[in-house]
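Trainee: Please read through the structure below; I'll follow up with questions.
What follows draws every value from the coordinates through simple rules; no lab data is involved. Because the structure is predicted, anything quoted here is derived from the model rather than measured. Cβ sites come from the backbone with ideal geometry, for glycine too, and all protein chains shown count toward neighbours.
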Amino acid sequence: MKVTDLASMTVMELVDRFVELCLAQFQAELFDDISKENKLIRQSIAVADELKTREGDQRRALVPLFGHSNPQVRLMAAQFTLAVAPAESRQTLQEIWDRKEFPQAASALGTLWALERGDRKPT
């Protein structure tokens, strides 16, 4: 999907696309297909960037995904909403860690540590 295609999508279509990409990332990781996973992550970043450019920073539309059943969806939603929903995002990352939902738990903890140290600044 091209960036121009993202520009023509509604916020809800972008959220649905984000979920699709995260679920595909989860599958790629299960099958150790790192190149596919990396491509899907870049596409997720493009969706989040498109939401950010929308009036009022529409990344907040990802917050309901904190309740999704898939840990990759929750992880990615939390990481991309740290600037717009910091407390809820951190709580979601902590829950992924507390539930030991590996391998996502390792990324969640790494993000929490980076935030605590100041190595990561949400934008």
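Trainee: Report the label-to-label distance for Gln27 and Ala87 in nanometres (one decimal), using points 7 Å from each Cα along the Cα→Cβ vector.
Mentor: For the pair Gln27/Ala87, the computed spacing is 3.8 nm.
Trainee: For the stretch 1-42, what value does the Rg/Rh ratio take when both radii are computed over Cα atoms and Rh is the Kirkwood radius, given to two decimals?
Mentor: 1.05
Trainee: Among Leu23, Leu93, Ile41, whose Cα projects farthest towards the positive end of the dipole of the stretch 3-117, with charges put on the beta-carbon of Lys, Arg (+1) and Asp, Glu (-1)?
Mentor: Of the options given, the answer is Leu93.
Trainee: Tell me the relative contact order for the chain as a rounded percent, counting alpha carbon contacts under 8 Å between residues six or more apart.
Mentor: 18
Trainee: Right, here's the next one. Using only DSSP helix segments of four residues or longer, with each worth -39500 (n - 2.57), what per-residue ellipticity at 222 nm results for the chain after dividing by its residue count and rounding to 500?
Mentor: -21500 deg cm²/dmol
Trainee: Output the Kirkwood hydrodynamic radius of the stretch 4-123, Cα pairs only, in Å rounded to one decimal.
Mentor: 14.4
Trainee: Where nothing but the Cβ of Lys and Arg (+1) and of Asp and Glu (-1) is charged, how large is the charge dipole of the chain around its Cα centre, in debye to the nearest 20?
Mentor: My answer is approximately 260 debye.
Trainee: Looking at the stretch 1-65, which GluC sites (Glu not before Pro) are in a loop (DSSP not H, G, I, E or B) and have at most 10 other Cβ atoms within 10 Å?
Mentor: Glu55
Trainee: Positive end of the dipole of the stretch 76-123, charges at C-beta (+1 Lys, Arg; -1 Asp, Glu), about the Cα centre: which of Ala106, Gln79, Pro122 has its Cα farthest in that direction?
Mentor: Farthest towards the positive pole: Pro122.
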